[in-house]
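The values are calculated or read from the model by the stated rules, or taken from the named source; none is laboratory data. Note that the coordinates shown come from a computational prediction; the quantities given were computed from them, not determined experimentally. Quick reminder, even Gly has a Cβ in these numbers, built from the backbone with ideal geometry, and neighbours come from all protein chains shown. What goes into the accessible areas is simple: the full protein's heavy atoms, side chains included, and nothing from ligands, DNA or RNA. Shrake-Rupley method; radii C 1.70, N 1.55, O 1.52, S 1.80 Å.
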Amino acid sequence: MGKWVYLFEEGNASMRDLLGGKGAGLAEMTNIGLPVPPGFTITTEVCNLYMEKGEKIIEELWPMVLENIKIVEEKTGKKFAAKSGLPLLFSVRSGAKFSMPGMMDTVLNIGLNDETVELFSKESSNPRLAYDSYRRLVQMFGDIVLDMGLQPFENELENMKAKKGIKYDVELSAEDLKELIKRYFDIYKRFNKEFPQDPFVQLKMAIEAVFKSWNAPRAITYRKINNIPNDLGTAVNVVTMVFGNMGNDSATGVAFTRDPKKGDKGVFGEYLVNAQGEDVVAGIRTPKPIIELKKEMPSVYDELLKFCKVLEEHYKDMQDIEFTIEKGKLYMLQVRTGKRTPGAAVKLAMDFLNEGLINEEEAILRVEPSQVDFLLHPRIDVSSKLQSIAKGLGASPGAATGKVVFDADLAAKMSDEDVILVRPETVPDDIHGLAAAKGVLTARGGMTSHAAVVARGMGKPAVVGAESIKIDLKERLFTVNGETVKEFDVITIDGTSGNIFKGVAPLIMPELSEDLKNLLSLSDKLAKIQVRANADTPEDAKRSYEFGAKGIGLCRTEHMFMAQDRLPAMQEMIVAETIEERKAALEKLLPMQREDFYGIFKEMKGYPVIIRLLDPPLHEFLPKREILKEEIAQHEKNGEKDLVEKKKRLLRRAEALKESNPMMGFRGCRLGLVYPEINEMQVRAILEAAAMVIKEGDKVFPEIMVPLVGHINEIRLVREKLEEVAKEVISEQGIQIPYLFGTMIELPRAALKADEIAKYARFFSFGTNDLTQMTFGFSRDDAESKFLPVYLERGILPVNPFQTLDRDGVGELMRIAVERGRKANKELEIGICGEHGGDPESIAFCYEIGLDYVSCSPFRVPVARLAAARATILAKRQYEADK
Ligand code: PEP
Ligand code: MG
């Protein structure tokens, strides 16, 4: 193992693995000349070694820490554990590779004891500050390092304020604080613990506590939710203390170099005068907007703006910074890439591209597919008459409706239901509740409070700082403007406007912003795999086209027969006992199908449209047998003879069609092989509709798809028969109609025998819903409600294979099918139309194995377009890196 401890000037931004995000940021800022208080970082490797070998690692580390303290002493001209002069004090801060806000520990003011506090008081001429700092150290040390919890200290603080008849901590005098420290030491005694007076012992114990906090339950939960590996470890930053609470010329704050909510230009942040950093992040006092600093401390404000610009240009992205002003001098305490709302992510990517700071590929990589998904979520219809009952700060956009719950544990327990977590403010320990809730509402805190930051990161709607709501945790209700909302009542929150509504608010579907449209056009330009949509109606087709689909990858014709006006004709067809009867029923269905196809073709304006021949088992079109039996009994009672006869006929047919394994039964191409008239009617409807479009002077490109083929003879026979129908229609119409025949690959046998099947198919489309079902032998209808959750919980399977393609098994079959299919038929066009076609990870796999397109539901099309471009870019980068 290399070096264990790095001075800030020895590190840089690329060392996040080793120094953690915070350490790497402090190092980088130091090196580009920004004012960072001197300090050093103990690497994540040391944390991992400590996890493995325990305390002896701290002993091994110690001489290196001492060596670095000396250097910092030289730089600052102050001494740690000083006997005279202003004492050097440290903060000890955690900092993993990925930001885990508030999840791990920090201890401030290390180095104060009964003696140095006197020096600090004298040298700073600020006794109140000295004793307040000491008080905070004793409290944090007890809570974090010695595990005594915060509550005993908070209680003492509250008692003290009550005794003095004051409301705020800042009103306590130096004498009060001295008294409070004594009482804090009594708490230590009650716990049988001791506060170490030796600053070196304090530092050693604090470093160890930060290492340990990597494995605190809330940190583990956070990592699980955010897919952060457990073996990264945290670095520990030992930083010279600077004080934002030295008076009214001091302050502390956080800022984003651009607006993290909308992405607008201009520094956006908050600060508190005469306060320490934890006061801002905790959301207890409501801070002032950064613009007021311009009035209060104009030169510091200018400097801050300048540093923001330097950082943004340096990192080429929006940054989130923490700063402290000590007696008019600005210090930078943290820099990291700023978390942003999905809308801001898109705007920032396009703005940075237009400003020439990043290139096109980088702009696409700046936005996650899940963020685009979020932008397609519904919003509250502002034109609705519903009156909001209160308003807070819209901290994370989107609307959420759910039952009010007042604690995180309950929210987590009720994760099957839609709940809104309502809290005075949230703390890091609430993380599991935030993860389970649909949205969060707090009465206190600003745009950078814990709830706001975490909700934005999770892409969850949040309203914070709704100060007019009065939460009564004992009675489990909140009141606002004369209204009472009890636990489990339903509310809707709008994280965009900050409005809160009682009950369910009406929602509207969003439109794509100009920036998003531009980002998606850019995606289409760079992506080497196309996106089509699964659409069954002209309306769906219209939406797909508007969302940028380059065709329809799957039109499930059965959905057309489910409509109320069509079902009777469909049922007639199913109960038909002779070919003539069946043909007569199909005659009725033909014009309806033709009309649907015509509508879809028109909407798709010449893009290819794959229409799948009837697929599901016929019993799906009949009423359930139990229901039929009940109805027959009722009709008999009413003496309705005709109806009794009709229903009995349906029942007989339903009984005859009953199967033990309908998913492996009489469905797919098997239907068409037994009752060819169905397919014949459908092909006729498709081509007649196409002819209508062509005659109107428009373009059309139908592709006819045969489902559930497993054997070459199935596709061969179906196709031969249908080509005859096609010829017939073409000669009747007297024009050329372009069309292709192809098949779905949704059975393992079809994948393996793809070379044979490809002789009769111009295209393949992977039906990975069925292919996953048939490969695993998991019922797609039942597995997810029965055993799959247990499989996922216990890690038996890494992901739900119905959501994300199983690369190893199902994926292997796909690879084989692509390879064998293309070998046999050079013209073969291959896509996917199972649910996986809209899943970014699965899209990356489809690109990898060389598919021509993915097809997904219309609302996923924008997500898939971005995912397709990202897959292309990332694969190219990987290829270049491997070279
Ligand atoms: C599939 O099986 O993946 C598919 C797209 O067809 P369906 O879901 O209609 O069975
Ligand atoms: Mg299928």
ask   = So which aspartates and glutamates pass the test for Lys78, namely a Cα distance under 14 Å, with those fewer than 8 places away in the same chain ruled out?
value = Glu123
message = Restricted to Cα positions, what overall size does the stretch 600-663 have along the principal axes? Three whole-Å values, descending.
response = 55, 30, 14
key: Residues with amide H under 5 Å from that of Leu797, placed H, sequence gap 5 or more   = Leu792
message = Taking only Cα atoms of the stretch 126-205, what ratio of Rg to Rh do you get with Rh as the Kirkwood inverse-distance radius?
response = 0.97
key: Positive-end residue of Ile694, Leu671, Leu708, charge dipole of the stretch 588-708 with Cβ unit charges   = Leu671
inquiry  = Using a 7 Å offset from Cα along Cα-Cβ at Met664, what residues in the stretch 723-746 end up with backbone N under 18 Å from the label point?
reply    = 746
ask   = How large, in Å, is the stretch 729-843 by the Kirkwood hydrodynamic radius built from its alpha-carbon pairs?
value = 15.4 Å
message = Rounded to two decimals, what is the ratio between the C-alpha radius of gyration of the stretch 83-139 and 2.2 N^0.38 Å?
response = 1.33
message = Applying a 10 Å radius around every beta-carbon, put 411-417, 621-627, 349-355 in order of their mean neighbour count, most first.
response = 349-355, 411-417, 621-627
note = In whole Hz, the Karplus estimates of ³J(HN,Hα) for the stretch 253-263 (6.51, -1.76, 1.60; θ = phi - 60°; x where Gly or Pro) are x, 10, 8, 10, 6, 9, 5, x, 8, 10, x
query = So if we plug the beta-carbon distance of Thr479 and Leu386 into 1/(1 + (r/R0)^6) with R0 = 22 Å, what FRET efficiency do we get, rounded to 0.05?
reply = 0.70
remark   = Residue-normalised value, i.e. accessible area per residue, for the stretch 844-883 at 1.4 Å probe, in Å², stands at 40 Å²
request  = Taking the Cβ of Met318 as the centre, find all other residues whose Cβ is under 14 Å away and add up their charges (Lys, Arg: +1; Asp, Glu: -1).
outcome  = +3
request  = Among the listed pairs Lys528/Lys550; Lys528/Lys602; Lys122/Lys178; Lys550/Lys753; Lys212/Lys460; Lys517/Lys542, give every one whose C-alpha distance is greater than 20 Å.
outcome  = Lys528/Lys602; Lys550/Lys753; Lys212/Lys460
message = Residue by residue through the stretch 418-425, what is 3J(HN,Hα) from phi via Karplus (6.51 cos²θ - 1.76 cosθ + 1.60, θ = phi - 60°)? Round to whole Hz and write x for glycine and proline.
response = 7, 10, 10, 7, 10, 9, x, 7
remark   = Spelling it out for Glu829: with amide H atoms placed in the peptide plane at 1.01 Å from N, the residues 5 or more places away or on another chain with amide H under 5 Å from its amide H are Phe763, Phe764
ask   = Relative contact order for the stretch 231-364 using alpha-carbon pairs under 8 Å, separation at least 6, rounded to a whole percent?
value = 27 percent
ask   = Using only the Cα atoms of the stretch 634-772, what do you get for the radius of gyration and for Dmax, in Å?
value = 19.4, 60
key: the stretch 813-883: GluC sites (Glu not before Pro) in DSSP coil with no more than 16 other Cβ atoms inside 10 Å   = Glu827
key: Sites matching chymotrypsin sites (Phe, Trp or Tyr not before Pro) across the stretch 406-507 that sit in DSSP coil, with at most 16 neighbouring C-beta atoms within 10 Å   = Phe488
inquiry  = P(r) for the stretch 305-402, please, calculated from all Cα pair distances in 5 Å bins and given in %.
reply    = 2, 10, 16, 17, 14, 13, 11, 9, 6, 2, 0
message = So, for the stretch 282-404, what is the accessible surface per residue at a probe of 1.4 Å, expressed in square angstrom?
response = 43 Å²
query = Using a basic spin-label model with each label point 7 Å from the Cα along Cα→Cβ, how many nm lie between Phe98 and Phe185?
reply = 4.5 nm
Accessible area (Å², per residue) of the stretch 472-586, counting only protein heavy atoms and a probe of 1.4 Å = 47 Å²
ask   = On full extension of the chain, what length is gained from Glu827 through His559, given 0.36 nm per residue of separation minus the C-alpha to C-alpha distance?
value = 93.4 nm
message = How big is the stretch 1-116 along each principal axis, measuring the range of its Cα positions in Å and listing the largest first?
response = 39, 36, 28
task = From the C-alpha gyration tensor of the chain, pull out the three semi-axes of the equivalent ellipsoid (sqrt of 5λ each), sorted largest to smallest, in whole Å.
result = 64, 30, 25
inquiry  = Quick check on packing: order 191-198, 606-613, 691-698 by the mean number of other C-beta atoms within 10 Å, highest mean leading.
reply    = 606-613, 691-698, 191-198
query = Which ³J(HN,Hα) values in Hz, rounded to whole numbers, follow from the phi angles of the stretch 786-799 under the Karplus curve 6.51 cos²θ - 1.76 cosθ + 1.60, where θ = phi - 60° and Gly and Pro get x?
reply = 9, 9, 4, x, 5, 4, 6, 4, 8, x, 5, 10, x, 9
query = What are the residues whose amide H is under 5 Å from the amide H of Gly263, where those residues sit 5 or more places off or on another chain and H is modelled from the backbone?
reply = none
Per DSSP, loop chymotrypsin sites (Phe, Trp or Tyr not before Pro) in the stretch 737-845 with at most 15 further Cβ within 10 Å = Phe787
ask   = Which percent of the accessible area of the chain is formed by carbon and sulfur heavy atoms (probe 1.4 angstrom)?
value = 50 percent
request  = Report, to two decimal places, the Cα Rg of the stretch 204-313 normalised by 2.2 N^0.38 Å (N = number of residues).
outcome  = 1.32
message = If packing is taken as the average count of other Cβ atoms within 10 Å, what order do 425-431, 232-238, 640-646 fall into, highest mean first?
response = 232-238, 425-431, 640-646
